[in-house]
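Step one of this worksheet: look at the structure below.
We did not get these values from a lab; they are worked out from the coordinates using the rules stated. Please read all numbers here as calculations on a predicted model, not as lab measurements. Note that each Cβ is placed from the backbone with ideal geometry, even for glycine, and that neighbours are counted across all protein chains shown.
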Amino acid sequence: MLGRCHDNGWGTQPDREAAKRCYKTAAEGGDYRGAHNHGCVLAAEGCVAGALHWFEKALKDAPPPARDAILITLHHHPRCAVRAFDHRQHDGDDIC
């Protein structure tokens, strides 16, 4: 949540670098939200392989309603490699 505050300027001046640090720390600490946000940062910076690693982790750890929201985000991502990410490997469900 702190990363989002920095990213969006909620209660503070917007600071993308601080947001990125917060997302990475949260992801490395096992937070699925942090993993998703860190993956989004990496994808935006062109590090798709790193992004997919963190998206996979986010999907594995997120509860079902959050997983659905993450999948929607991935489905609409501007990078083809992110949209093509095969999320079905995580739970075997065909959610198409």
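Just want the ordering: H6, H76, from fewest to most Cβ atoms lying within 10 Å of their own Cβ.
Working: H6 21, H76 9.
Lowest to highest Cβ neighbour count: H76, H6.
Between [x] -0.49, -0.86, -1.25; [y] -0.55, -1.00, -1.42; [z] -0.54, -0.96, -1.29, which entry matches log10 I(q)/I(0) by the Debye sum over Cα atoms at q = 0.14, 0.19, 0.24 Å⁻¹ as derived from the coordinates of this structure? Given [x] -0.49, -0.86, -1.25; [y] -0.55, -1.00, -1.42; [z] -0.54, -0.96, -1.29, the calculated one carries the label [x].
Based only on other Cβ atoms within 10 Å, what is the fewest-to-most ordering of C80, C40? Numbers along the way, then the final one.
Details: C80 9, C40 21.
The order, fewest Cβ neighbours first, is C80, C40.
For the chain, the longest principal axis of the alpha carbon atoms and the long axis of helix 48-61 meet at an angle near 80°.
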